[in-house]
Structure formats: C-alpha cells, structure tokens
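What follows is one structure encoded as structure tokens, with my remarks underneath.
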Amino acid sequence: MSKEDKFKKVISHAKEYGFVFQSSEIYDGLSAVYDYGQNGTDLKNNIKDYWLKAMVQLNDNIVNIDSAILMHPKIWKASGHVDAFNDPLIDNKDSKKRYRADVLIEDYISKIDNKIQKEISKAKKKFGENFDKEQFVSTNSRILNYNNKISDINKVFSEALEKDDLKALKKLIEDLEIACPVSGSKNWTDVKQFNLMFGTKLGASAESAMDLYLRPETAQGIFVNFLNVQKTSRLKIPFGIAQIGKAFRNEIVARQFIFRMREFEQMEMQFFIKPGTQQEWYAKWKENRLAWHLSLGLGEDNYRFHDHDKLAHYADAACDIEFNFPFGFKELEGIHSRTDFDLTSHEKFSSKKIKYFDTLSNESFTPYVLETSIGLDRMFLAIFSKSLIEEKLEDGSSRTVLKFPKILAPKKVAVLPLLKKDGLPELSKQILEEFKWDYNCVYDEKDAIGRRYRRQDALGTPYCLTVDHQSLEDRTITIRDRDTMKQQRLTVQEVKNKIKTELDLKSWLTF
Ligand code: GAP
C-alpha cells in the first residue's frame, strides 16, 4: 500500500469506527477543525492519563494545573506572540492557493528524506540480520548525495529564517523549482508574514470591549501562575508545572488531518531550574521524553531527534522528537530550553516581582525553564496510524486490526455470549458487571462470533471474553488476544489476573 493510500485508510477508519469526525460535518465542515467520537475520546483520555501519570503522579516535584483559555492581552505582548508569532506566507498566482513558504521547503526536504528512508528499507530487506544501518548510511553514495543536498538547502533555509529574510525564502523556492501542488505552476507572489493568533472580544458593548486572543499555547498560563503555584505548593527548585489544554492557531497550511489543526490540545510541562543547569536538564528531559514514547512499543525506528537550526526568540537550545507519520518524519513533541525569557518578560510587563528565593544560598533569582511540549492530537495520530494494520492471515483471508498499545486501548474488554440464548447473555452480563469497575468494557451479542471478533479487532479492543455453554457449568471463559488471536480457556479469576498483569502501569512506565 502506498503512503497516500495508507493515510487515506487511517482517515476513513478513524471516521467509520467513531474515532474522529470532521467538525460541523452536516454544514459541510470547518477546515482543520475536528471532533472526537465515542472511541476517539476514550483513546484521547487514555493518552492524557498516560502522560499525566508519567509526568505528575510519578514525580513528586511536578504538579498539574488548568489555567483559563482567555488571558489578559498583555500576556501575549510579553511572551512575544503579538510581534513574532508569524508564519511566512506565499500565494500561487495561478491557483490562488496560499502556502507557508517554510512548509513548502520542508516538504521538499521531506521528499528527499523519504528517498533515503526507502534506500534504507530496501537494504534492510536485502541484508537481513547483518544489516548495519550506520555503516550503510555513511557509505552509500546515493544516500551521501541526498544528505549533501539536504544540508545545502538547510544552510540557505536556516540563514533566511534566522534573518527573517523573506526575499531569500522566495528565492530558495524558485531555485528549488518548487511548483504549486494544485496548479503545478511556479508563478509565486512575494513572501509575507502572517500572525497566527485568533482574536476575540471580551465585554458587552462595542466601546468598552477588550481585544483578547485565544491562547496559542498553554505554556503562558503556567508562567503567569508561577508565583501562585510555588507559594501555595512550597515546592523547591527544581520543580515542574504541567498542564493539558486547548490551544488555537489560525494555521494557513491546514491539512494532513489532525496533524495540523486550528483548535488542538497540548500537554506541556515547564520545569523551573537554577540558571546554569539548563544543559544538564535539557539532556535529562530529552532522554526521559524519548523513553516515555518508547515505552508504548511502537518501534524505536519510528522516532528521531531533530535539533533546531533556528532558535525561537526565547530559547537557548531546542529540538523536536519527530515521528514517522504516514507522510514521513514530522514533529511530534518539542523540548525547549527557554532560559528566563518568559518570567523576566512577565516581570517587566506586569511590574510584579517574579523571583524565587533559595533558602539554601539565601539568594533570590529568576528561574530558568526547561519545557516539554507535545500535541495531544499528534500523539493520537502517531498511535492510531502505527496501530492500524491490514493483516494477512494463514487461511488466506485478511483482517483490519488496531494494535494499540494495550494500556491505551479505548475499550479494554469485550464480553461476548457465544449464542443469544440458553442463559448465555445473562451470564455474560454478570461477568461484564465484574469487569466494568476496573476497565472500560463493551458487550456485544449481535452477529456470528467471528464477525464480532473482527469488529473488536477494528476497534482495537485487546481482550474478547467469550461465554459459552461450558461457562454455565464451570465459570470458565475463553479469552482471545487481539494481537495473536490465540484463545485460552481460563476461570474468570484467572482472566482478571492476566489482564491486571498485562495492564500493570508499573511494567509500562518503568524506564
Ligand atoms: N509552548 C511551546 C509550543 O507551543 P510548538 O512547537 O509551537 O511549541 C508544541 O508546539 C507542540 O504542539 C508541537 O510539537 C505539536 O505536537 C503541537 N502542535 C503545534 N501546532 C499544532 C497544530 N496546529 N495542530 C496540532 N498540533 C500542534
């Protein structure tokens, strides 16, 4: 299956099985805004929970807050978003379509990178177990040429971004002969800057209304609450404040499904540290966040770090954890060493002292900040797209299965009476009653058992518990594993023990 077909399958499966719907669909939809359905909401909540447990519950020096979406407009002046939260835009004169100039160039680089990944997969297949990826990448002439080309482009690209040189960005698009994906023409306008924040108004009358912004990141809600949280929690540096919440950006290139949305959710954590220790914490959080991703078992090869060439106005080091999405490696999470930029700036704009008093050294200082910031919707897409598998079976048939990490599956257990008679539904409901206190469960008695298994496979339910005539006699049931399709007859208690062991958070989150 080609990458495009695979991605189309992801989108259609997400809709067909109640995971993600286009927002306002009956009114022809709203571009780059999506709703989560009954199964998508469960998956999303499980991702949030997995993040919160790792970041907050397991760290006694990190707390969780929930700040408002609407904030004082001065906050966005202090944070730099009013002046610098811009994207460089370019229009194609023939198709009249608007693009982000940087994304056109990044997509061009991605295409070259995809060629590299293809060469690597081909070689991996050819050499099997003896394949040495590092050696291959550093000696294969085609890959060396591709990599040289990428670094030549990146040099010009990062210089243009660094200097905000919009003419140089346009020239690079022309030099690379990038064509409009719609019209195919290379007839481009000049590049212009465009601010991404959504404006809104607070107040009843037009004269007194105050211009506000919908927050473009959750981070600022943490910074402006730094003193409140530190004083009421009495936490000592180093400590962190985490937050999950909605963010809004008027994205120009709004495509790739839930990858780039106009309303999305972030899971952010700001870690407040002593100035001078930022390099050490940057390395620690990079390692910790990658380990969190790897704990889900989607495959080490699907992640890589990408160091930022152009640093944001607030950062002294930054990188992305990129994931191998159906359309190639793209940013999933950002790790930023934000210095004392935000707290210092809020101190200036609010005229309030924002300092930390260190009782050990008897000194007062502005903490430095290490940020981890992941898009919940992107994490959803990463998990969903890697878990969706078309599997050929031994008997020649095939099945569609969502092999979610079991800990994240929307429903954990399906209880299925083999037949809709002979007291099997009644016993099944009794068994369901026993499991539903611990797990999100589903009961299904419609259709033949084989079809019901397929339905649960397509929803990613890890365990199907089948209740048959023998169950009436000895209270044993059959547990079918989603991934192996193996069935085992066990007592209800043994099934409970097995599921409890397999979903034990400790075995997932110990890294
Ligand atoms: N506080 C830092 C910050 O907001 P960012 O790199 O702009 O940094 C962090 O965003 C993460 O938020 C990204 O790594 C991405 O996962 C997610 N994200 C950003 N824009 C998004 C969008 N338009 N749609 C979905 N997720 C987005």
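The values are calculated or read from the model by the stated rules, or taken from the named source; none is laboratory data. A quick note: this is a predicted structure, and the numbers were derived from the prediction, not measured. Neighbour counts are summed over all protein chains in view; Cβ atoms, including those assigned to glycine, are modelled from backbone coordinates with ideal geometry. Heavy atoms of the whole protein, side chains included, go into the accessibility calculation; ligands, DNA and RNA do not. Shrake-Rupley method; radii C 1.70, N 1.55, O 1.52, S 1.80 Å.
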Of the residues 394, 426, which is under 30 Å from residue 469 (Cβ atoms), in a helix (DSSP H, G or I) and open to solvent by 10 Å² or more (accessible area, probe 1.4 Å)?
426
Please list, ordered by first then second residue, the pairs with beta carbon atoms under 8 Å, 6 or more apart or interchain, first in the stretch 342-355 and without any contact (Cβ under 8 Å) to a residue 12 or more places away in the chain and in the same structural domain as residue 275 (by TED's automatic domain parsing), second among the polar types (S, T, N, Q) and outside any loop (DSSP other than H, G, I, E, B).
355/364
Long-range neighbours under 6 Å by Cβ, at least six apart or interchain, first residue in a helix (DSSP H, G or I) within the stretch 52-72, second surrounded by fewer than 18 Cβ atoms within 10 Å (Cβ to Cβ)
54/509; 56/64
Would you mind listing the strands (runs of 3 or more DSSP E) fully within the stretch 430-511 where at least 2 residues are open to solvent by 70 Å² or more (accessible area, probe 1.4 Å) and farther than 30 Å from residue 286 by Cα?
487-491
Any idea how many residues of the stretch 233-274 are within 9 Å of the ligand (Cβ to nearest atom) and in a helix (DSSP H, G or I)?
2
What single numbered condition from (1) crowded, with 23+ Cβ neighbours inside 10 Å; (2) under 30 Å from residue 323 (Cα atoms); (3) not small (Gly, Ala, Ser) fails to hold for residue 416?
(2)
Positions within the stretch 194-204 being farther than 15 Å from residue 71 by Cβ and surrounded by 12 or more Cβ atoms within 10 Å (Cβ to Cβ), in sequence order:
194, 195, 196
Scan the stretch 307-336 and report the pairs whose first residue is touching a residue at least 12 places away in the same chain (Cβ under 8 Å) and in a loop (DSSP other than H, G, I, E, B) and whose second residue is among the aliphatic types (A, V, I, L, M) and near the ligand (Cβ under 9 Å from one of its atoms), with Cβ atoms within less than 7 Å and a gap of 6+ or a chain change.
308/318; 312/318
Going residue by residue through the stretch 333-347, is there one that turns out to be open to solvent by 10 Å² or more (accessible area, probe 1.4 Å), within 16 Å of the ligand (Cβ to nearest atom), out of contact with any Pro (no Cβ under 9 Å at 6 or more places or on another chain) and of a type in the set (Lys, Arg)?
no
Any chance the stretch 307-320 includes a residue that's more than 13 Å from the ligand (Cβ to nearest atom) and either in the same structural domain as residue 102 (by TED's automatic domain parsing) or open to solvent by less than 20 Å² (accessible area, probe 1.4 Å) (or both)?
no
From 377, 301, 358, residue being away from the ligand (no atom under 14 Å from the Cβ), in contact (Cβ under 8 Å) with a residue 24 or more places away in the chain and not hydroxyl-bearing (Ser, Thr, Tyr)
358
Selection status of residue 293, in the same structural domain as residue 368 (by TED's automatic domain parsing) and either of a type in the set (Phe, Trp, Tyr) or open to solvent by 30 Å² or more (accessible area, probe 1.4 Å) (or both)
no
Pairs please, first residue from the stretch 10-21 and open to solvent by 60 Å² or more (accessible area, probe 1.4 Å), second anywhere and of a type in the set (Asp, Glu), Cβ atoms under 8 Å, 6+ apart in sequence or on different chains.
21/35
Identify, please: which residue in the stretch 316-346 is among the aromatic types (Phe, Trp, Tyr) and touching a strand residue (DSSP E or B) at 6+ places or on another chain (Cβ under 9 Å) and is, among those, farthest from residue 109 (Cα to Cα)?
341
Of the residues 211, 190, only one is away from the ligand (no atom under 14 Å from the Cβ), touching a helix residue (DSSP H, G or I) at 6+ places or on another chain (Cβ under 8 Å) and of a type outside the set (A, V, I, L, M, F, W, C); which?
190
Can you say whether residue 93 is touching a residue at least 40 places away in the same chain (Cβ under 8 Å) and either loosely packed, with under 14 Cβ neighbours inside 10 Å or farther than 30 Å from residue 144 by Cβ (or both), as far as the supplied structure shows?
yes
